[in-house]
Amino acid sequence: MTKLALVFSSDPTRYTTDAAKISYAASYVSRSAADWFEPHLNKATSAIRFTTYEAFVQALKNAYDDPDAHATAERKLYNLKQGNKDCSAYHAEFCTYATTLNYDDMTKILFFSNGANQDLKTLLSYQASLPKTFDEFVQLCIKLDNRAKQLH
């Protein structure tokens, strides 16, 4: 849906009607979503049974959206571990879940620290003081992780 919004806003003169938006969006669905959409298309006339783009989006969300995205993101964040990944890759994955949750900086730092690998946790323990903002904390973690990888 995000990509569609970007396409529609980048060329608003091309997608002026709901039918144009639905047709464009439907042309990119595949697998089970294509099977879901098929009954909504009259094959004889090529008419789409959704009257508005909003109705199409809502029907699509009803079929495929996570009804409890917050709990899902929290579970994934809780189980996320850095492992052998670079800290920057761990951070990118962390942010995909943390953004949904809208946690404050201290809570994000706690979750991020818990998922960090043992090497990074050790390096953090040698720091006299840690940043209080999440962004500064992550920058420190990435620098420490990069230096540790250089040493190895």
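Just so it is clear, none of the values below were taken in a lab; they were calculated from the coordinates. The model shown is predicted, which means the values in this text are computed figures rather than measured ones. Backbone-built Cβ (ideal geometry, glycine too); neighbour counts: all protein chains shown.
With respect to T72, is the statement that it is in contact with a Phe, Trp or Tyr (Cβ under 9 Å, 6 or more places away or on another chain) and of a type in the set (V, I, T) true? Talk me through it step by step, then tell me what you get.
On the way: in contact with a Phe, Trp or Tyr (Cβ under 9 Å, 6 or more places away or on another chain): yes; of a type in the set (V, I, T): yes.
Criteria met by T72.
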Practice problem: Determine if segment 81-96 includes at least one residue that is over 30 Å from D119 (Cβ atoms) and assigned to a loop (DSSP other than H, G, I, E, B). | Solution: no
Quiz item: Do we have E74 as buried (at least 17 other Cβ atoms within 10 Å of the Cβ), among the acidic types (D, E) and assigned to a helix (DSSP H, G or I) here?
Solution: yes
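Which one of L41, L144, L123, L110 is under 30 Å from K3 (Cβ atoms) and not small (G, A, S)? Talk me through it step by step, then tell me what you get.
Working: L144 fails: under 30 Å from K3 (Cβ atoms); L123 fails: under 30 Å from K3 (Cβ atoms); L110 fails: under 30 Å from K3 (Cβ atoms).
Unique residue meeting the criteria: L41.
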Quiz item: In the set T17, T2, T13, T52, which member is touching an Asp or Glu at 6+ places or on another chain (Cβ under 9 Å) and either surrounded by 13 or more Cβ atoms within 10 Å (Cβ to Cβ) or among the β-branched types (V, I, T) (or both)?
Solution: T52
Quiz item: Just checking, which of D105, D18 is more than 30 Å from A148 (Cα to Cα) and of a type in the set (D, E)?
Solution: D18
Practice problem: Sort out which residues of segment 108-128 are outside any helix (DSSP H, G or I) and surrounded by 16 or more Cβ atoms within 10 Å (Cβ to Cβ), and write them in order of number. | Solution: A116, N117
